[in-house]
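Presented below is the structure to which this report refers.
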Amino acid sequence: MRRRLVAGNWKMHKTPSEALVWFQALLEKLPPTGAEPALLVPFTHLPYAAQTLKQRVAYGAQDVSAHTEGAYTGEVSARMLADLGCRYTIVGHSERRSYHGETDALVAEKAQRLLEVGIVPILCVGEPLAVRQVGGHLEYTLGQLERSLAGVSLPSPAHLVVAYEPVWAIGTGQTATPEDAEAMHRAIRGWLGERYGEAFAEEVRILYGGSIKPENAGALFRAPNVDGGLVGGASLMLEDYLRLLSALE
Ligand code: PEP
């Protein structure tokens, strides 16, 4: 059984003090749930996440350096994140791929750095609109996945979360239909099965991301290969985040 996951991607929102208040409110309102709540927050918020969320809510960063240590001004290493108790960290988000020119090879290096310290990468893949319009989305996304995992050694299926995030759906209010999401997730699981074996693939969690809201989450989360969501905008509002968690039940 794959434990379902709602991972909030806060991007560059809220100050650390605002985050602290939000974390405390979340803990007060968090219902007992079989699903796993997680928050991917700016680096500056992580010490507060470590102090407050502890064992009840997983947390992590939105990026990591491909280097282990050294003269890399502005970078944050995987070991630093592990020291703060991060369970997950995003790699390959489309905003980093497009605004910072991150290649699949760089994404693979970052994933490997995380795995070396026991942090689970949430590896983002997904096609832009022009590719979807000409029907090349499966080939594009699976190619991205293959290259982003090249040379990455995964100790177990629990050490990988894949997030399918069609670029045209991120922050646009346009969502993939549950049928389209399911078709892609099935293809991703099929590819993982060919690469790592079927039993392994069955245990890897595959999240959908792209304009998930409490109103559309139920239908998306009912798709058999959708194991939860990577959620941007709707994860910033406590009530919405809690509704998303209950949509996974
Ligand atoms: C994201 O940032 O990964 C994302 C899916 O954003 P949104 O939910 O706002 O589309």
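Figures for the structure shown
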{"quantity": "Criterion: within 20 Å of Leu40 (Cβ to Cβ), touching a residue at least 24 places away in the same chain (Cβ under 8 Å) and out of contact with any Gly (no Cβ under 9 Å at 6 or more places or on another chain) - qualifying residue of Ala158, Ala187", "calculated": "Ala158"}
{"quantity": "Matching option when the condition is in contact with a strand residue (DSSP E or B) (Cβ under 6 Å, 6 or more places away or on another chain) and open to solvent by 10 Å² or more (accessible area, probe 1.4 Å), among Arg87, Arg79, Arg113, Arg56", "calculated": "Arg87"}
{"quantity": "Residues (open to solvent by 20 Å² or more (accessible area, probe 1.4 Å) and in a loop (DSSP other than H, G, I, E, B)) located in region 1-29", "calculated": "Met1, Arg2, Arg3, Arg4, Lys11, Met12, His13, Lys14, Thr15"}
{"quantity": "In region 219-249, residue farthest from Ala19 (Cα to Cα) [restricted to those that are surrounded by fewer than 16 Cβ atoms within 10 Å (Cβ to Cβ) and away from the ligand (no atom under 16 Å from the Cβ)]", "calculated": "Pro224"}
{"quantity": "Evaluation of Glu102 against (1) over 14 Å from the mean Cα position of the chain (by Cα); (2) within 16 Å of the ligand (Cβ to nearest atom); (3) open to solvent by 20 Å² or more (accessible area, probe 1.4 Å) (one fails), failing number", "calculated": "(3)"}
{"quantity": "Failed condition for Cys86, given (1) more than 12 Å from the ligand (Cβ to nearest atom); (2) assigned to a helix (DSSP H, G or I)", "calculated": "(2)"}
{"quantity": "Only one of Thr44, Thr73 that is out of contact with any strand residue (DSSP E or B) (no Cβ under 7 Å at 6 or more places or on another chain), farther than 30 Å from Tyr140 by Cα, part of a loop (DSSP other than H, G, I, E, B) and polar (S, T, N, Q)", "calculated": "Thr73"}
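One line per residue, one yes/no per condition, for (1) more than 15 Å from the ligand (Cβ to nearest atom); (2) part of a helix (DSSP H, G or I); (3) open to solvent by less than 40 Å² (accessible area, probe 1.4 Å):
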position	(1), (2), (3)
Leu138	yes, yes, no
Gly143	yes, yes, yes
Gly171	no, no, no
Ala181	no, yes, yes
Gly193	yes, yes, yes
Ala199	yes, yes, no
Tyr208	no, no, yes
Ile212	no, no, yes
Ala217	no, yes, yes
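The values are calculated or read from the model by the stated rules, or taken from the named source; none is laboratory data. Since we're looking at a predicted model, the values are computed, not measured. We place every Cβ from the backbone using ideal geometry, glycine too, and count neighbours over all the protein chains shown. Just the protein is used for accessible areas: all its heavy atoms, side chains included, with ligands, DNA and RNA removed. Shrake-Rupley method; radii C 1.70, N 1.55, O 1.52, S 1.80 Å.
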